[in-house]
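Notes to accompany the following structure.
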Amino acid sequence: MTEPTMTEPTMTGPTMTGPTSDPLECLRERLVAPGELVTGAVAGFDGGDVLVLLAGDAPGLPSGRVPRHELTWRDVQDPSDVLTVGQRIRAEVTMRGGYDGRTLLSARACEDEALYGFLRGLGRGDVVAGTVSSVHRFGVFVRIDGEPGHPVYAGTGFINVPELSWSRFEDPAEVVVPGQRIRVEVLAPDTRRGQVALSLKALQDDPWDELAVTAGDVLAGPVTKVIPFGAFVRVNEFVEGLVHSDELGGRSAEERQELRVRVLEVDRAGRRIRLGLAD
């Protein structure tokens, strides 16, 4: 998004609640697609949204809309605080034909040109290095080497909890700590969030590929978790199987208790193992 002209805005432009004709007519000619970068002029404001006159639009019939939450990374009370009618802006297309037929746009996606360029340069499957910047119950922020920095978050990279490790853990802090150097695989860059989803476990060997367990095997392992309908038992360092309550025969199980179990079924596609007591 272009830097706003810091003058007292004269809000004489129309506040439009909807087009007077179908704005999709001009969209059919341009065939804008999600992810495409477009430029246009601010035509007015609709509540907290910004209406944008795109190339090919008839005067007074803006076909673009920037929702308030897609306007800027900055904390603003009203879009007129940073934009004026007639000002040209740049935005990324997020959806064709929104609820009112307009093309939905994200101005914040490309507000920071360095961040936008960095994210667009990443692709699924790329392997990058970085430093863990902060660890939370909901996931881990990572500062990727060479990133320009994020205007809000503690890092451009983010690892969701399921992508941290194949092993069971209760807290992400058991897997990584702030300041730790890691290598991760890119899952998906997201310019609208200004982030890239990463996976740490994608670069680890999948334990199911090496799992040498078949139906009928008898083995011993500790109970890792007790749930209302059974208990999970670790069958190797990374993989656990479920002993259903029906298979416990009225016996109770406690965490860390060692159990001898028989493998009843191995569902590799569903990544599930069904166990029964061997005694």
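At a glance:
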{"item": "Cα-based shape type of segment 136-199, given that a ≥ b ≥ c are square roots of the gyration tensor eigenvalues and the cut on a/c is 1.5", "result": "prolate"}
{"item": "The chain: most fluctuating residue of 64, 179, 149 per GNM, C-alpha cutoff 10 Å", "result": "179"}
{"item": "Label corresponding to Cα Rg over 2.2 N^0.38 Å when calculated from the structure given, among [x] 1.42; [y] 1.78; [z] 1.86", "result": "[x]"}
{"item": "Solvent-accessible surface (1.4 angstrom probe) belonging to residue 75, in square angstrom, nearest 10", "result": "140"}
{"item": "Label point distance in nm, residue 39-residue 181, each placed 7 Å from Cα along Cα→Cβ", "result": "4.2"}
{"item": "Dipole magnitude of the chain, debye to nearest 20 (Cβ charges: Lys/Arg +1, Asp/Glu -1, about Cα centre)", "result": "160"}
{"item": "Probe 1.4 Å, protein heavy atoms only - accessible area per residue of the chain in square angstrom", "result": "51"}
{"item": "³J(HN,Hα), Karplus 6.51/-1.76/1.60, whole Hz, each residue of segment 249-254, x for Gly, Pro", "result": "x, x, 6, 9, 10, 10"}
{"item": "Spread of Cα-to-Cα distances over 5 Å intervals beginning at zero, given as percent, for segment 183-260", "result": "3, 13, 18, 16, 12, 10, 9, 9, 6, 3, 1"}
{"item": "Gaussian network model of the chain, springs between alpha carbon atoms under 10 Å - residue of 171, 100, 246 with greatest fluctuation", "result": "246"}
{"item": "Residue 199 - accessible surface, heavy atoms, 1.4 Å probe, Å² rounded to 10", "result": "0"}
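The values are calculated or read from the model by the stated rules, or taken from the named source; none is laboratory data. Predicted model, so just to flag it, every value in this text is computed and none were measured. Here the Cβ is made from the backbone with ideal geometry for all residues, glycine too, and neighbour counts use every protein chain on show. Surface areas here come from the heavy atoms of the whole protein model, side chains and all, with no ligands, DNA or RNA. Shrake-Rupley method; radii C 1.70, N 1.55, O 1.52, S 1.80 Å.
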